[in-house]
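The values are calculated or read from the model by the stated rules, or taken from the named source; none is laboratory data. Just so you know, these numbers come straight off a predicted model, no measurement behind them. Using ideal geometry, Cβ is built from the backbone for each residue, glycine included, and neighbour counts are taken over all protein chains shown.
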Amino acid sequence: MFKLLFRMAMFGLGMALLLDTVLPAIQETLHVDQHTSHSKTERDAMTNRSSKSTSYKLVLVGGQIHSCEVGYMAYTSVSDGEEVIVKASKIFHTCAQITTTDNSQVIYDYNFWRIFKAIVAGFFIACAFGWVRLDALGAFNTR
């Protein structure tokens, strides 16, 4: 019973991701409300070195899209209150492109998001049909 529910969930998630890739992207004109960043320090057990990674997010107001994870260049190139045009996926609101309204400069562009989502969707659907089996150890066995 659990296996059937798991396969149904994998199929549903795969279809939602696939649908998100084929539907046209939404485009909204939004205002940057605030900038947030989060730093995380990780220690590598093999080399005993620590590494620090920072994620940057623009919080947006005025539409369906509430925030976008961006890189450092996009994070620093817009200021709070500035108006931007955001293109995002229709279902999961994955930010694909951010453009300034004053000079139409693209400040963030996630080029291959449709391809990545289609590959992940195909993997989930393949798992749902049993073409890729996940055993108890977490390894992948193909038929």
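Under the condition of being touching a Phe, Trp or Tyr at 6+ places or on another chain (Cβ under 9 Å), outside any loop (DSSP other than H, G, I, E, B) and either basic (Lys, Arg) or farther than 17 Å from residue 71 by Cα (or both), the residues counted in region 84-115 number 0.
Matching residues to (1) exposed (fewer than 13 other Cβ atoms within 10 Å of the Cβ); (2) among the β-branched types (Val, Ile, Thr); (3) closer than 24 Å to residue 116 by Cβ:
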site	(1), (2), (3)
32	no, yes, no
39	yes, no, no
56	no, no, yes
64	yes, no, yes
69	no, no, yes
74	no, no, yes
84	no, yes, yes
88	no, no, yes
94	no, yes, yes
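Of the set (1) at pLDDT below 90; (2) within 27 Å of residue 86 (Cα to Cα), all apply to residue 24 but (1).
Scanning region 51-83 for residues that are of a type in the set (Ser, Thr, Tyr), within 20 Å of residue 39 (Cα to Cα) and not in a strand (DSSP E or B) gives 72, 75, 76, 77.
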